[in-house]
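A short write-up of the structure that comes next.
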Amino acid sequence: MNIIAAIDFSSVSKDVCREAGELARDRAGHVRLVHVAEPDPDFVGYDAGPDVVRGQVATEIRDEHRRLGEMARDVHSGFGIEVTPLLVQGETVAMILDLAARHHADYIIMGTHGHGVVYQVLVGSTSEGVLRQAACPVLLVPARQTY
């Protein structure tokens, strides 16, 4: 069983990892733990800016790569399953769907933040975009509400 677990390093990411780990353990699966970084500004029609900006972007990517590796090791050690961390750049929905197709995913697991209707109209929803277009089942893990 192939599982794509998409994380964004928000509070729901640990819950996504737990769900992916449990499903993979129970079904002898393999988890590809995916984080989609912002696209390189050159790819969207803007110059990357001065060297300082490029350095900041490179530092952010290295930090995200390190954090992704740590989370993958935690899932591997916690559930005894094979985990491959993947850091990619691009448009989030398209990248998740592309990885799911290329790796013949049986499931996509991702978090949802439960933003309201106004947010979804103005900004859109990554989880909604994946859910509408995915060729496999999508498990949405809700963010825990704290009051």
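Nothing in this text is a laboratory measurement; each read-out follows from the coordinates by a stated rule. Since this is a predicted model, take the numbers as computed values, not measurements. So basically every Cβ, Gly included, is an ideal-geometry build from the backbone, and we count neighbours across all protein chains shown.
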Report task. Report the extension gain between residue 139 and residue 73 in nm, rounded to one decimal, defined as 0.36 nm multiplied by the number of residues separating them, less their alpha carbon distance. Result -> 21.6 nm
Query - Note, ³J(HN,Hα) from phi for region 86-94, Karplus 6.51, -1.76, 1.60, rounded to Hz, x at Gly and Pro - result: 10, 10, 10, 10, x, 6, 4, 4, 4
**Report entry** Karplus-derived HN-Hα couplings along region 96-111 (A = 6.51, B = -1.76, C = 1.60, θ = phi - 60°), whole Hz, x at Gly and Pro
**Finding:** 5, 5, 5, 5, 4, 5, 5, 9, 6, 5, 8, 8, 10, 10, 8, x
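With r defined as the distance between the Cβ atoms of residue 53 and residue 128 and R0 fixed at 41 Å, what FRET efficiency is calculated, to the nearest 0.05? Display every interim value, and only then the final one.
Numbers: r = 31 Å, r/R0 = 0.76.
Computed FRET efficiency for residue 53 and residue 128: 0.85.
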